[in-house]
Each structure stands twice: as structure tokens, then as C-alpha cells.
Amino acid sequence: MDENFRVDRKHINNVRKCIIRHIDMDCAVNQNGTRHTKEGIIMLIDEAFDKFKYILYTPGGGNIPLIVVLHGSGEIGSSLSKLKKREPYLSLKSGKCAPDAVVLMPQLPKSTWGEYKAALKELIDHVAEENGCDVKRISITGHSLGANGTLDMLLAYPDFFSAASVLSPC
């Protein structure tokens, strides 16, 4: 096995352990779907920023990392209910996942992530600025079609992301 692969695998496992560290949290959901927890707030943004609707987890505080999570083809569309049936939303909502980072989950309206690179970069910049994120600690990950989108973003903006994880590209 390639030594770099082992290092990446170890890093991924450490990130998973770090993210899934809080099991029980008190929380309340208000009428518009925003969820307030001890660790942060989940916002459902039904108003599209340029091209995207998105879900945003904000733990509060400034100068924290931003994690961008790109979904696969099964969640393409205009209804955030598709994203709400998948990870990481389910773990954020339940409190099993409470990272000390802003988590951005945009919804691809149609086609492929590669066709929306510029719009996605604008959304990432907007979220980072609005939430006081550390622009030197913006990471991106994706599964399946989202993994392809992650690779597209890395090729388009090679010096922008501090870390990336690609899971099951198609």
C-alpha cells in the first residue's frame, strides 16, 4: 500500500473521530427550521445565493475553519429536504456531530458541480466572510458526484483549500 494513502486514511479517520465527539446535546428547533444547540446553529437557507440553496452549521465565534460538503447525484434539485435525509446534516441535527467549524452544505440545482465552479466559489467566499472564517482553513469534501466536484474545485482553485477529502468519485 502506498505510504501517502495510509497517511490520508489516518487523517480521515482522525477527522471522523474529532467530528463525532458529542453525543448528547440540548437543543430546540424554531418554526423556520433553524436549530439552536449548545454547540451551534443549523440554518436552512431556502433563498438561493446566486445559484444555490444550502444548509449551514455555525458553532459561533470567529476565525474558525470552514468545511464545504458536496453531495452526490441523489440530492440534486431545489428541495433541501433531500439534503436533510443525508449526512452530515443528520449527525449535526442529532448532536452526534458538533465540529468547531462552520459547515456549508450547498445543494446542486442540476447537472454537475463542475458547471457551477465559479458560483460555488462565490458562495464559499460569501459564507467565509459572513461567518468570520479563517480563510487559510477552508476545506472541501464530497462523495460520489460531490467527489468529482471536489476534484473540479481543487483543479480550478489549487491554492484556495487547505485540505480536501474525496470519497468514491464516479
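A short reminder: the numbers here are calculations on the coordinates, not readings from a lab. Predicted model only: the values in this text are computed from it and were never measured. Positions of Cβ are backbone-derived with ideal geometry, glycine not excepted, and every protein chain shown enters the neighbour counts.
Below is a table of values for the structure above.
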item	result
Lone qualifier among Thr112, Thr150 - being surrounded by 22 or more Cβ atoms within 10 Å (Cβ to Cβ) and polar (S, T, N, Q)	Thr150
Residue in the range 127-140 that is in contact with a Pro (Cβ under 8 Å, 6 or more places away or on another chain), surrounded by fewer than 18 Cβ atoms within 10 Å (Cβ to Cβ), touching a residue at least 24 places away in the same chain (Cβ under 8 Å) and of a type outside the set (Asp, Glu) present	yes
Some residue of the range 76-85 being touching a helix residue (DSSP H, G or I) at 6+ places or on another chain (Cβ under 7 Å), assigned to a helix (DSSP H, G or I) and in contact (Cβ under 8 Å) with a residue 40 or more places away in the chain	no
Subset of the range 101-134 [part of a strand (DSSP E or B) and hydrophobic (A, V, I, L, M, F, W, C)]	Val102, Val103, Leu104, Met105, Cys133
